[in-house]
Structure formats: structure tokens, C-alpha cells
Amino acid sequence: MKKIKIGFLLNGNFVDKYNYELAKWIKKENKKFISTSFISIPSTKKNLNYKKIPKKILFKFLVFIEFFLLKIINRHINHNEKFDLRKIIKKKIEIKNTSNQLNHINKKDFNKIKDEKFDIIIRANDGILKGKILKCSKFGVISFHHGDYTKFRGSPAGFWEVFFKEKNTGFIIQKIDDTLDYGKIIFEGFFQTKSFFLLNQAELYEKSNFYFKKFLLDLYIKQKLSFIKKKRKGKIFETPKIINQLKYIFQTFKLLSKRILSNNYNFKLALFNLKKINLPTIYDTKTNNFIADPFLIKHKDQTFCFAEEFSHERKMGHIICINLKKNTRNIVLKEDFHLSFPFIFEYKNKFFMCPDTSKISEIRLYKCVQFPLRWKFYKTIKKKINSVDNIIFKKNNLWWLLTNIDQSNTGDFSHDLSIFYSKSGPLTNKWKDHSLNPIKINSSDSRNAGIIIEKNKITRISQVQGFDNYGEGINFHKIKTLSINKYNEEIFTNKQFIKIKKYLNNADIHHYSKVGDNIMVDFKYK
């Protein structure tokens with residue numbers, strides 16, 4: 001396949017951390033990409049608006065304070081740093097644009113760029129691009145827009161989602177045209193909105209960078225661009241007014257103070273029977289633990305619940321089993337690393353458990369030696385993978401593994417749904433990627449929260465992440481199409497769940513399990 005030649009467009013010689021990391025990755029992938037030169041253009045000079053000076057000064061002060069917040073939590077501490085791209089790409093194409101408008105770029109400079117025969121140019125500069133510069137490469141100029149373009153075009157990236165307490169913060173990868181932040185969309189995704197602006201922006205940039213790399217790999221394979229259908233464009237935002245900045249400071253201070261002073265989130269379990277759904281049985285711990293991620297299993301006319309029990313003292317979870325008939329509770333699996341989400345499946349008359357073992361970057365199976373209390377490590381089926389909440393089942397003569405991967409190593413597993421399949425049964429370590437991976441990039445319906453398989457109908461349950469709130473709710477999806485090249489699911493309303501929410505006083509629920517007439521959920525309490 002033909003290598004993709006890539007140029008970077010920037011102001012001067014310096015880029016932010018994220019474009020610098022992208023350039024390093026491109027250089028490393030030298031069998032697929034060529035990046036030997038970058039284009040340097042002068043910064044666009046804007047007419048000075050004295051009325052906007054006070055709000056811009058206050059906003060710079062706000063960013064300064066939030067940078068120290070990042071230092072305190074020891075995350076993204078080099079978010080605002082600039083890096084010299086000449087350390088990676090040696091050749092520089094200098095554009096001397098006297099008009100400061102790129103649609104007025106002179107013919108000589110235009111030809112200098114054209115002569116490089118770039119396949120794509122990656123926008124890493126400030127300012128708005130229009131005109132000739134957009135036609136200097138085979139596939140045009142490719143850029144991020146960090147924000148949900150149906151709501152927030154313009155800037156600052158990641159601020160308005162926090163200000164309005166949006167559940168998620170979007171991004172698109174676009175081929176730029178003359179419309180601001182509304183070009184031809186190649187890729188889009190949504191991440192959970194974090195508690196304050198600079199953290200939200202840094203997480204947004206870090207996570208979306210992975211998907212830009214995926215876009216480049218897809219371009220290398222396909223040698224063409226593919227676009228998705230655009231939705232209605234939102235309004236353009238800019239630096240917030242002073243009154244909005246003050247409002248933001250107050251609400252953020254209140255939120256962070258509450259988080260510091262409040263206890264950790266805790267979960268209880270609630271068991272409902274469809275014949276008497278208004279009389280749930282509550283399962284709790286009397287120790288400094290909580291119980292979550294319930295899975296109901298019926299075996300020899302008895303129903304058992306396997307769940308995570310989390311110890312705040314150990315700061316990790318282990319797996320317990322509750323005998324619903326005898327009301328007994330036992331620890332069945334404990335490691336020196338965190339365990340949760342004890343998904344259990346049956347294969348050749350044997351039970352296997354695939355819990356969350358993301359702390360060691362593996363997907364593991366444990367075999368039941370004596371049901372339900374004795375389990376032992378059986379096999380690692382995937383190594384070097386940061387994934388959680390694994391679900392394994394058989395359909396259409398294939399075995400399927402649905403999982404949620406942290407592609408950017410930020411510790412956030414809430415937005416990426418990926419699927420793998422096996423022709424050799426579920427115990428193999430040769431799982432293959434689904435051709436559409438990642439299936440979804442959306443914190444509102446990607447992370448697994450359980451599965452229901454009844455009469456060959458499969459319902460995937462997903463978590464809904466709230467604004468700075470893990471596990472705010474769940475959705476139900478009917479899996480309509482599942483093959484090695486296709487996946488389609490349709491969301492629907494579960495009337496039983498609506499009743500459950502009502503009886504639990506609309507508590508946050510992030511997991512759901514159903515066997516026969518029994519339904520078990522976990523719900524959050526403080």
C-alpha cells in the first residue's frame with residue numbers, strides 16, 4: 001500500500017503536547033506514513049476589541065488557577081506546554097503571508113506547499129482556515145473540533161460543557177471547509193464531562209488523539225476518506241463573559257468542595273421479583289465495604305448472585321456469592337489486585353468467570369471447581385489490554401467478547417465499546433477484532449452494565465455517565481445485527497426498570513441482571 005505523506009500546519013515552530021505526540025507516533029509508524037516537512041504560517045492578527053480585554057484577562061487567571069489544580073491531582077501537568085516540532089520534523093516551509101488571511105496566500109507560497117505533494121495536512125495552528133490553503137493536499141486539511149458541534153462550536157474547547165453541566169463532551173475529526181467547526185465529518189465521539197474546565201479539556205485532547213491515529217491507519221488501508229452524515233450545527237461560542245466566568249467559579253468551587261468533604265460512593269443491591277416488584281429485598285454490608293455489579297445465576301433450582309464487594313480499606317474489590325434461598329454470603333475469589341464485574345458463562349457443562357482484571361492489563365478466565373464457592377485461575381485470553389466489564393456469549397456459531405477499553409490510558413473506561421470474536425470457542429487466546437472497532441465512542445451508552453439472553457434475544461445493558469457522576473443510570477439495547485462485519489443495536493424502554501427506579505426513589509443504578517422472575521440491580525447511596 002502507498003505510504004501517506006503528512007504535513008503539519010502551525011504558527012512558528014512550536015505545537016502543543018498532543019500534536020507533538022501525534023508527530024512522534026507518525027515518525028515511529030514510518031512503514032505507513034511519511035512526514036518530512038511542516039508548514040509554518042504567521043499568526044493571524046486580530047483587531048483589538050477593548051471591550052473584550054477584561055473577560056480575557058479574567059479567563060487567563062482562571063486557566064492559571066486550574067493549572068495548579070491539575071498539579072495538585074497530578075494529572076496532565078504539561079497540558080499547556082509547547083514543544084519544538086523541529087526535533088521530529090526537520091524541514092520547514094515558511095509562508096510569509098502579509099495579508100494574514102490564508103485565502104489570500106500568494107501563488108509562490110501556494111506552489112511551495114503543492115510541490116510537497118502532501119496527502120493530508122494536519123491543522124495544528126491557531127486561527128480560521130479558508131480558501132487556497134484547504135486545497136494544497138490530496139485529501140485536504142484535517143482538523144479536530146473539540147466540542148459537540150451540534151451545541152458548541154467555537155471556543156474554549158471543553159469549557160461550555162462544564163459550565164452547562166453536560167453529561168458528555170464531544171469531538172469530531174473533520175476535513176475543513178469554509179464553515180467554522182462544521183466541515184465534512186470523518187469521525188465523532190463523546191467522553192464523560194469532568195469536574196472542571198482544564199481537566200475536561202486535557203482529557204478531551206488526550207482521549208481524542210487515539211482516534212486521530214485510528215483515522216490515519218484507516219486512511220492508509222483504504223487510501224480514501226469516508227464521511228458521516230452531519231447533524232444540525234450549533235451556535236458559536238467564545239471566551240465567556242465575566243458574569244458567566246464568576247458563575248462558573250462559584251459552581252466549580254461548590255462541586256469540588258462537596259467532593260472533598262463527602263464520603264466515597266457506595267452501592268447496595270436490590271432484588272425484585274416480577275410477581276411482587278414493590279417489595280424488594282435489600283442487600284448491604286455492615287462493614288466498610290459496598291456491593292455492586294450483581295450477576296444472577298440459576299443452578300439446580302437455586303438462584304445465586306455473584307457480585308463485587310469493594311473494600312474502602314484495601315481500595316480494591318473481591319468477588320462474593322450470595323445464596324438467595326439460604327441468605328448466605330461467601331467470598332469466592334480474591335486476588336492481590338482489584339476484581340469486579342464477575343460475568344459468568346457456561347461452556348461444555350462447566351462454569352467460567354471473566355471478572356474485571358484491568359489492574360493487571362489482562363482479560364482472565366477462572367474455572368469453577370465446585371459450584372458455587374470454589375474457583376481457580378484458568379487462563380489469560382487477552383494480554384496487554386486495558387479493558388473492563390467483559391461479556392462473553394455465543395451467537396451465530398461464533399463466540400463474542402464485548403468489552404470497554406481505555407485506549408488512551410487515562411483511567412476512563414466509560415466511552416469505548418469494542419467487540420472481539422472467536423471461531424474456536426471462548427477459552428482461546430486468539431480473539432479477533434471486529435471490523436468496526438471501536439463500535440461506539442460515547443459515554444452515554446458504551447460501558448457494559450449487564451446482558452440478558454432470553455429465547456435467543458440478546459439485550460445489552462449499558463451505563464449512562466452523568467456530569468462528573470459515574471454510573472448515573474442505564475440503557476437497554478436490543479442487539480439486532482451481530483456479525484464479523486456488522487453490528488446494530490436499538491435502544492428501548494424497559495417498563496420494569498421504570499418501576500424499579502420509582503421504588504428506589506430514582507437512585508443512580510449502574511448494573512442490571514435478570515434470571516427468570518428475579519431482577520437484581522445495584523444502586524448508589526452516600
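The values are calculated or read from the model by the stated rules, or taken from the named source; none is laboratory data. These numbers come from a predicted model, not from an experiment. Positions of Cβ are generated from backbone atoms using ideal geometry, with glycine treated the same way; all protein chains shown enter the neighbour counts.
Table for the structure above
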{"item": "Among the candidates Phe290, Phe310, Phe295, residue that is buried (at least 21 other Cβ atoms within 10 Å of the Cβ) and closer than 23 Å to Lys499 by Cα", "result": "Phe295"}
{"item": "Segments classed as strands (runs of 3 or more DSSP E), wholly inside the range 212-306, with at least 2 members that are among the hydroxyl-bearing types (Ser, Thr, Tyr) and at negative phi", "result": "281-283"}
{"item": "Top-ranked residue in the range 255-273 [being over 19 Å from Gly471 (Cα atoms) and either of a type outside the set (A, V, I, L, M, F, W, C) or at pLDDT 85 or above (or both); ranked as surrounded by the fewest Cβ atoms within 10 Å (Cβ to Cβ)]", "result": "Ser257"}
{"item": "Pair list, Cβ under 7 Å, 6 or more apart: the range 319-336 residue of a type in the set (S, T, N, Q), other residue not in a strand (DSSP E or B)", "result": "Asn330/Leu373"}
{"item": "Condition met for Lys286 (more than 25 Å from Cys368 (Cβ to Cβ) and either within 33 Å of the chain's Cα centre (by Cα) or modelled with pLDDT of 95 or more (or both))", "result": "no"}
{"item": "Odd one out for Phe497 among (1) surrounded by fewer than 18 Cβ atoms within 10 Å (Cβ to Cβ); (2) part of a helix (DSSP H, G or I)", "result": "(1)"}
{"item": "First in the range 104-118 and surrounded by 14 or more Cβ atoms within 10 Å (Cβ to Cβ), second anywhere and modelled with pLDDT of 85 or more and among the hydroxyl-bearing types (Ser, Thr, Tyr), Cβ under 8 Å, 6 or more apart", "result": "Ile113/Ser137; Glu116/Ser37; Phe118/Ser137"}
{"item": "Number of positions in the range 177-215 that are in contact with an Asp or Glu (Cβ under 7 Å, 6 or more places away or on another chain) and within 12 Å of Ser143 (Cβ to Cβ)", "result": "2"}
{"item": "Meets criteria (modelled with pLDDT of 95 or more, surrounded by fewer than 18 Cβ atoms within 10 Å (Cβ to Cβ) and either part of a loop (DSSP other than H, G, I, E, B) or in the same structural domain as Asp389 (by TED's automatic domain parsing) (or both)) for Ile491", "result": "yes"}
{"item": "Members of the range 446-456 that are at pLDDT 95 or above and surrounded by fewer than 18 Cβ atoms within 10 Å (Cβ to Cβ)", "result": "Ile452, Ile453"}
{"item": "Single match in Ile122, Ile185 (criterion: surrounded by 24 or more Cβ atoms within 10 Å (Cβ to Cβ) and not assigned by TED's automatic domain parsing to the domain that holds Asp433)", "result": "Ile122"}
{"item": "Of the criteria (1) outside the structural domain of Lys359 (by TED's automatic domain parsing); (2) in a loop (DSSP other than H, G, I, E, B); (3) within 25 Å of the chain's Cα centre (by Cα), which one Phe337 fails", "result": "(1)"}
{"item": "The range 42-62, subset aliphatic (A, V, I, L, M) and exposed (fewer than 15 other Cβ atoms within 10 Å of the Cβ), residue nearest to Gly411 (Cα to Cα)", "result": "Ile57"}
{"item": "Within the range 231-254, tally of residues that are surrounded by 16 or more Cβ atoms within 10 Å (Cβ to Cβ) and not β-branched (Val, Ile, Thr)", "result": "5"}
{"item": "Which listed residue is within 25 Å of Lys394 (Cα to Cα), touching a residue at least 60 places away in the same chain (Cβ under 8 Å) and part of a strand (DSSP E or B), from Lys524, Lys480, Lys514", "result": "Lys514"}
{"item": "Some residue of the range 70-82 being over 26 Å from Asn200 (Cβ atoms) and part of a helix (DSSP H, G or I)", "result": "no"}
{"item": "Residue among Asp356, Asp412, Asp406 that is crowded, with 20+ Cβ neighbours inside 10 Å and within 24 Å of Asn330 (Cβ to Cβ)", "result": "Asp356"}
{"item": "Residue in the range 161-169 that is of a type in the set (Phe, Trp, Tyr), surrounded by fewer than 16 Cβ atoms within 10 Å (Cβ to Cβ) and modelled with pLDDT of 95 or more present", "result": "yes"}
{"item": "Single residue of Phe310, Phe371, Phe337, Phe341 found to be within 18 Å of Ser513 (Cα to Cα) and aromatic (Phe, Trp, Tyr)", "result": "Phe341"}
{"item": "Flag for Ser408 being at pLDDT below 95 and among the polar types (S, T, N, Q)", "result": "yes"}
{"item": "Qualifying positions in the range 467-485 - surrounded by 19 or more Cβ atoms within 10 Å (Cβ to Cβ) and of a type in the set (Gly, Ala, Ser)", "result": "Gly471, Gly473"}
{"item": "Single residue of the range 359-382 satisfying the filter (among the aliphatic types (A, V, I, L, M) and surrounded by fewer than 19 Cβ atoms within 10 Å (Cβ to Cβ)) that is farthest from Ser311 (Cα to Cα)", "result": "Val369"}
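Results for (1) in the same structural domain as Glu188 (by TED's automatic domain parsing); (2) not hydroxyl-bearing (Ser, Thr, Tyr), shown as yes or no for each residue.
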site: Lys229; (1), (2): yes, yes
site: Ile236; (1), (2): yes, yes
site: Pro240; (1), (2): yes, yes
site: Ile249; (1), (2): yes, yes
site: Lys268; (1), (2): no, yes
site: Lys275; (1), (2): no, yes
site: Pro280; (1), (2): no, yes
site: Asp284; (1), (2): no, yes
site: Thr287; (1), (2): no, no
